[in-house]
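Below: one structure, written as structure tokens.
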Amino acid sequence: MTDALLKVQELTATYGQIEVLHGINFEVRPQEIVVILGANGAGKTTALRALSGMVQTTGSANFNGSEITNLEPDAIVRKGVAHVPQGRGTFPELSVEENLKVGAFIRSDNEIKTDMESCYETYPVLYERRMQSAGSLSGGEQQMLAVSRALMSKPILLLLDEPSLGLAPQIVEGLFERFVTMNQELGTTMLIVEQNAQIALAMADRGYVLESGEIAVEGEASLLVNDDAIRRAYLGG
Amino acid sequence: MTPYDERTWGADMDLFLQRLFDALTNGSTYALIAVAMVLIFKATTLINFAQGEQAMLGAFIVLQLWKWGIPMWGAVVIGMVFSGILAACLERTFIRKFDPADHLPLVIITLGLFLVINAVAAIIWRFDPLSFPQLFPSGRAVTIGNARLSWYSIFAFGSCLLVLFVLQTLLTKTKIGLAFRAVSSNLESSRLCGIKIGQTLQFGWALAAAAGTLGASIYAANPVLQIEPTIMLRALIFSITAAALGGLDSLWGALIGGLTIGFVQSVVVQYIPFIPNEMTLAAAVVVLLIVLTFRPSGFLGTKTVERV
Ligand SMILES: Nc1ncnc2c1ncn2[C@@H]1O[C@H](COP(=O)(O)OP(=O)(O)O)[C@@H](O)[C@H]1O
Ligand SMILES: [Mg+2]
């Protein structure tokens, strides 16, 4: 077994006085796609925000050999973690192209343009709309933009918070197929939070189920799909 | 029409034109201070009540530098840089430690800064009005009938346009400008893209203060005015109204708002005899209320005024 790229130990997260994550443990290995499942309010978003330095935490998160729980969000991005927040998190007033430029904010190399072009190749619709404001895009296009924006920072680990939320099933399918391609071609490791367990488990290597701020179940994705409790709770049968 | 009528018609037109020209003069100043406030509002949805006093202090620095023998425009540029740096320090010391989403403490801080800067200026320069050097050629540029458009008005307006173009270029063509617009658009996502929020807002404070200092210097250079520590009090209120009128997050809105307020101010004084000069503010506010009733986000704005 290889060393984990991300190793989270006894991680808690609190909003004000309220503890939302109660000491969770999980890991993501290099090049893996790992999914965190869980009902609304289980703490999935909070777990990702904790990794990005956006909420108060205790415990440890070791990423690529260094501790990141005590870092500011911008320093965590610079270490190679990109985060597509729930609800896309695009910059509606900025143009599509400017959104991608903001995604590359931490970079100063001269390959930004090439990478932008490859985003446009992946999603030609973004190229067509590159001068339009991001706010004028459809939900599916916004999600494409959000993912592209995150990739523009050349991340080692990509955090995705419910990318399927509010999108039509065919669009979700296309989106997730892309994730698999990116994972294979760019070698980007992915940690995906989802409520759509069916499609998420189909593409993931491993999964965790979060319940009320604690990890309830973990295992290989192929095994979780067949787990009775999970089938009942998250797969509608 | 009798010759007599023609004469009054001509005189009326002259008077109206003169009021329009006056509007240009005042409106340009209001617009420059309003632009400064818009910059800060865009990024933080916060009104910086100290903006006018920062600008006043900047103008006094310009005056002082000039008295020490620095050429006028050199003094203006140094004064702008100085107030930019001062604003950056103020942001770092007083603003950054507070949660940007919690407005009340921040509003109180900017009101506190207002009082402190005003007091400091009064201690150093006293309350006696001092004459401010001419920034622009004097005299009239155009005379239509009896209405005179001075070089001062033309240059004041031109400076205003120039500042807007420079700001627009900075915000759209530079990396820090892009970061500033990203922070204005989505704070959380900006963080997730690795933007340092504090530094970016600091940049906005510095830019705003520099624009404000230019505005106050131009205002004080008006041949009919002198500079004193309270010079920006009235202008500040008109500028806030102008900013709200134009749309608090729109740079060009600030220009339109400033000119509109300048217009209301000069026309009301002229044509509504029972409204004394001191009541022009009330007239400006009435116009603001009417506009906001039909366009809650102002002429060009996108965010509605919720607070303050
Ligand atoms: N900003 C916040 N302040 C206080 N409580 C919050 C905040 N955000 C989320 N919570 C609470 O934390 C819990 C977990 O929320 P979240 O992580 O968003 O869950 P999920 O993403 O799994 O739906 C919920 O009970 C929610 O009410
Ligand atoms: Mg969530």
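The values are calculated or read from the model by the stated rules, or taken from the named source; none is laboratory data. These numbers come from a predicted model, not from an experiment. FYI the Cβ positions are ideal-geometry reconstructions off the backbone, even for glycines, and counts take in every protein chain you see. What goes into the accessible areas is simple: the full protein's heavy atoms, side chains included, and nothing from ligands, DNA or RNA. Shrake-Rupley method; radii C 1.70, N 1.55, O 1.52, S 1.80 Å.
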Practice item. For residues that are within 13 Å of chain B (Cβ to nearest Cβ) and within 16 Å of the chain's Cα centre (by Cα), tally how many sit in the range A:51-69. Key: 4
Revision key, fill the gap. Residue hits (the range A:171-212; of a type outside the set (Gly, Ala, Ser), within 16 Å of ligand 2 (Cβ to nearest atom) and in a loop (DSSP other than H, G, I, E, B)) are A:Gln195, A:Asn196
Practice item. Would you confirm whether any residue within the range A:123-135 is closer than 17 Å to B:Ser189 by Cβ, out of contact with any strand residue (DSSP E or B) (no Cβ under 9 Å at 6 or more places or on another chain), open to solvent by less than 60 Å² (accessible area, probe 1.4 Å) and assigned to a loop (DSSP other than H, G, I, E, B)? Key: no
**Study point:** Residue in the range A:79-88 that is modelled with pLDDT under 95, closer than 22 Å to B:Asn186 by Cβ and either small (Gly, Ala, Ser) or more than 16 Å from ligand 2 (Cβ to nearest atom) (or both) present
**Key:** yes
Review point. Would the range A:70-88 turn up any residue that is among the hydrophobic types (A, V, I, L, M, F, W, C), within 16 Å of ligand 1 (Cβ to nearest atom), crowded, with 23+ Cβ neighbours inside 10 Å and more than 14 Å from chain B (Cβ to nearest Cβ)?
Key: no
**Study point:** Subset of the range A:78-120 [in contact with a helix residue (DSSP H, G or I) (Cβ under 8 Å, 6 or more places away or on another chain) and either on the phi > 0 side of the Ramachandran plot or among the acidic types (Asp, Glu) (or both)]
**Key:** A:Arg88, A:Gly89, A:Glu93, A:Glu97, A:Glu98, A:Asp115
Review point. For the range A:147-192, which residues satisfy the criterion of being farther than 23 Å from A:Gly207 by Cα and open to solvent by less than 20 Å² (accessible area, probe 1.4 Å)?
Key: A:Ser148, A:Arg149, A:Met152, A:Ser153
Point to revise | strands (runs of 3 or more DSSP E) lying entirely in the range A:1-58 (those with 2 or more residues that are in contact (Cβ under 8 Å) with a residue 60 or more places away in the chain and open to solvent by 50 Å² or more (accessible area, probe 1.4 Å)) | key: A:18-28
Exercise for review: Using the structure shown, decide if B:Thr45 is under 23 Å from B:Leu233 (Cα atoms) and open to solvent by less than 20 Å² (accessible area, probe 1.4 Å).
Suggested key: no
Revision key, fill the gap. Scanning the range A:144-171 residue by residue, those at pLDDT below 95, more than 16 Å from ligand 1 (Cβ to nearest atom) and closer than 27 Å to A:Glu211 by Cα turn out to be A:Leu167, A:Ala168, A:Pro169
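Taking A:Gly23, is it within 16 Å of ligand 1 (Cβ to nearest atom) and either among the acidic types (Asp, Glu) or closer than 30 Å to B:Gly177 by Cβ (or both)?
Numbers: within 16 Å of ligand 1 (Cβ to nearest atom): yes; either among the acidic types (Asp, Glu) or closer than 30 Å to B:Gly177 by Cβ (or both): no.
So A:Gly23 does not fit the description; no.
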Practice item. Scan (1) among the hydrophobic types (A, V, I, L, M, F, W, C); (2) under 24 Å from B:Leu171 (Cα atoms); (3) within 13 Å of another protein chain (Cβ to nearest Cβ) for the single condition A:Leu158 breaks and write down its number. Key: (2)
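Among the candidates B:Ile108, B:Ile61, single out the residue that is over 30 Å from B:Arg191 (Cα atoms), open to solvent by 30 Å² or more (accessible area, probe 1.4 Å) and part of a helix (DSSP H, G or I).
Matching residue, one of B:Ile108, B:Ile61: B:Ile61.
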Check your understanding: Taking the condition of a type outside the set (Asp, Glu) and at pLDDT 95 or above, does B:Thr143 pass?
Key -> no
Review point. Of the residues in the range B:25-37, how many are at pLDDT 90 or above and either more than 15 Å from B:Gln54 (Cα to Cα) or of a type in the set (Phe, Trp, Tyr) (or both)?
Key: 4
Exercise for review: Among the helices (runs of 4 or more DSSP H) lying completely within the range B:176-260, list those that include at least 1 residues that are closer than 26 Å to B:Gly158 by Cα, within 15 Å of the chain's Cα centre (by Cα) and more than 14 Å from chain A (Cβ to nearest Cβ).
Suggested key: B:197-220, B:231-246
